[in-house]
1. Could you tell me what a quarter of the Cα convex hull surface of the chain works out to, in nm² with one decimal place?
2. How high is the relative contact order of the chain, in percent, counting Cα pairs under 8 Å that sit 6 or more residues apart?
3. Which loop trypsin sites (Lys or Arg not before Pro) in the chain, with loop taken from DSSP, have no more than 15 other Cβ atoms within 10 angstrom of their Cβ?
4. Round to the nearest 10 and give me the degree value, 0 to 90, for the angle of helix 2-41's Cα axis relative to the longest principal axis of the chain.
5. Taking the dipole about the Cα centre of the chain, with the C-beta of Lys and Arg at +1 and of Asp and Glu at -1, give me whichever of Gln3, Tyr56, Gln31 is farthest to the positive side.
6. Work out the length of the dipole vector of the chain about its Cα centre, built from +1 on the beta-carbon of each Lys and Arg and -1 on the beta-carbon of each Asp and Glu, and round it to the nearest 20 debye.
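Please treat every number below as a calculation from the coordinates, not as lab data. In this text the structure is predicted, and so the values were computed from the model without any measurement. Using ideal geometry, Cβ is built from the backbone for each residue, glycine included, and neighbour counts are taken over all protein chains shown.
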Amino acid sequence: MPQIILLLIVAIIAWIGYRKFIADAEKLTRQRERLRREQQTGANGTLVKDPKTGEYRLKRDDE
């Protein structure tokens, strides 16, 4: 019985690690695609509108 519990714990940890890896890979892919599009168009960044102030600013990497 303890072996089954240990196996389940290892499987859950592996699943969580896999999901984290996939999420990070997708985020990196989105960032690289955005940079590639900016280089193709000659842009210096992507502007986003702040909903509170109505001003435009450069999009940060963590958004």
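1. Quarter of the Cα hull surface area: 6.4 nm².
2. 16
3. Filter output for the chain: Lys52, Lys59, Arg60.
4. So the inclination is approximately 10 degrees.
5. Farthest towards the positive pole: Tyr56.
6. Details: 13 positive and 9 negative charges, 28 e Å.
Roughly 140 debye, rounded to the nearest 20.
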